[in-house]
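Worksheet for the structure shown next.
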Amino acid sequence: MNTYSPLLFSGSSHETLAHHIASQLAIPLGRIALNKFPDGEIKVEIQENVKGRHVFILQSTGLHPSEYLMELLLIIDALKRSAAKSITAVIPYFAYSRQDRKDKPGVPITAKLIANLLSASGLTRLITMDLHSSQIEGFFEIPVDHLKGHGLLAAAITRQMRDNFIVVAPDVGSIKFAKKVANLLHAEFVVIEKQRISSHKVKMNLIGNLSKNQVVIIDDMCSTAGTLVAAASLCKELGAKQISAAITHGIFSEDALGKIEKSPIECLLVTDTLPPFDRYASSPKIEVVTIAPTIAQAIQEWVGI
Ligand code: R5P
């Protein structure tokens, strides 16, 4: 490894994924000390010479979004002050992305604010995956590699399921994503109309017919699991015999995993944009699809290693 080869650092959100990506790239992870001051402030120290080097930081901003975002901003600032040639954040799950427009008076546009903060800290490029809406790319004035997970999910569905299933989009917002998966699988496709009653409660109505016994529900993310579980229950009521689901981002807040275990969903495919390991120990329905090779390839294409 020469002194000018690229460096990958890991924030504290998802070290396992950072190690997998580093091993795909055959580079060691950069040394960095991440600690806290006694009052809780985050303390960052880069322990490598980054001067003149292309530097990447893996930080998934789910689970503890505010903490991980702040840590990422401090890491970027430290790298900028140490004269890195370019600073790319790899943010597999981009938090605060659901508030991407002013849908009522008095609310912030959090996705735009986070984009501004990242740029102001010195970020020169972003690699991310399945943003909640693609207009978020336009919130940045720096290059954004917006990777898509539908190919990975479609391949995993092919390995898991027999032919002859129907793809279900559990709300209008997920149509584009679910349709891409359905097209790759040459599967039929239906949409559910979702009405959100509260952050935990939704009302659903299927538009069209459930023409198959086997269904796979596709969404970009699962938070409280209200959407997935209600969609699965509706499919069951309408006669589905085997129900699976596939999503990119497994946030699984509160008792989401418990709800999925009790639901009619038999298998849930989820990528590792968020750390799965201990959380899924008692969730036999969950199958993890890794994004490490996809991220490694994006880094390779950027720096030519
Ligand atoms: C909505 O716009 C998203 O695509 C997901 O359907 C939603 O965020 C899932 O949230 P929950 O799991 O809390 O229903």
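The values are calculated or read from the model by the stated rules, or taken from the named source; none is laboratory data. Computed from a predicted structure; not experimentally measured. Neighbour counts run over all protein chains shown; Cβ positions are idealised from the backbone, glycine included.
Below, the figures for the structure above:
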quantity: Among (1) under 20 Å from Ser10 (Cβ atoms); (2) among the charged types (D, E, K, R); (3) free of Cβ contacts under 8 Å to residues at least 40 places away in the same chain - the single one Asp39 does not satisfy; calculated: (1)
quantity: Residues (within 16 Å of the ligand (Cβ to nearest atom), in a loop (DSSP other than H, G, I, E, B) and in contact with a helix residue (DSSP H, G or I) (Cβ under 8 Å, 6 or more places away or on another chain)) located in region 102-132; calculated: Asp130, Leu131, His132
quantity: Matching residues, region 26-49, being touching a Phe, Trp or Tyr at 6+ places or on another chain (Cβ under 9 Å) and crowded, with 19+ Cβ neighbours inside 10 Å; calculated: Gly30, Ile32, Ile46
quantity: Hey, Thr294 among the polar types (S, T, N, Q), outside any loop (DSSP other than H, G, I, E, B) and under 23 Å from Ser134 (Cα atoms) or not; calculated: yes
quantity: Selection count where residues are aliphatic (A, V, I, L, M), assigned to a strand (DSSP E or B) and within 15 Å of the ligand (Cβ to nearest atom), scope region 217-244; calculated: 3
quantity: Selected residue (criterion: surrounded by the fewest Cβ atoms within 10 Å (Cβ to Cβ)) from residues of region 262-287 that are of a type in the set (Gly, Ala, Ser) and either in contact (Cβ under 8 Å) with a residue 24 or more places away in the chain or in a strand (DSSP E or B) (or both); calculated: Ser282
quantity: Matching residues in region 191-216 - criterion: being part of a loop (DSSP other than H, G, I, E, B) and among the β-branched types (Val, Ile, Thr); calculated: Ile197
quantity: Single residue of region 50-84 satisfying the filter (of a type in the set (Gly, Ala, Ser) and closer than 21 Å to Ala22 by Cβ) that is surrounded by the fewest Cβ atoms within 10 Å (Cβ to Cβ); calculated: Gly52
quantity: Selection within region 1-52 - aliphatic (A, V, I, L, M) and under 20 Å from Met70 (Cα atoms); calculated: Leu8, Leu17, Ala18, Ile32, Ala33, Leu34, Ile42, Val44, Ile46
quantity: Within region 156-166, considering residues that are in contact (Cβ under 8 Å) with a residue 40 or more places away in the chain and either part of a helix (DSSP H, G or I) or of a type in the set (D, E, K, R) (or both), the one surrounded by the most Cβ atoms within 10 Å (Cβ to Cβ); calculated: Ile157
quantity: Residue in region 248-261 that is of a type in the set (A, V, I, L, M), within 14 Å of the ligand (Cβ to nearest atom), in contact (Cβ under 8 Å) with a residue 60 or more places away in the chain and part of a loop (DSSP other than H, G, I, E, B) present; calculated: yes
quantity: Sole exception among (1) modelled with pLDDT of 95 or more; (2) within 13 Å of the ligand (Cβ to nearest atom) for Ile197, by number; calculated: (1)
quantity: Filter result for the condition that a residue is under 21 Å from the mean Cα position of the chain (by Cα), hydrophobic (A, V, I, L, M, F, W, C) and within 16 Å of the ligand (Cβ to nearest atom), over Ala156, Ala169; calculated: Ala169
quantity: Odd one out for Gly40 among (1) in a loop (DSSP other than H, G, I, E, B); (2) small (Gly, Ala, Ser); (3) under 26 Å from Ser134 (Cβ atoms); calculated: (3)
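This table checks each residue for (1) touching a residue at least 60 places away in the same chain (Cβ under 8 Å); (2) surrounded by 14 or more Cβ atoms within 10 Å (Cβ to Cβ).
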residue: Ser86; (1), (2): no, yes
residue: Ile91; (1), (2): no, yes
residue: Asp103; (1), (2): no, no
residue: Ala111; (1), (2): no, yes
residue: Glu137; (1), (2): no, yes
residue: Ala178; (1), (2): no, yes
residue: Val181; (1), (2): yes, yes
residue: Leu185; (1), (2): no, yes
residue: Arg196; (1), (2): no, no
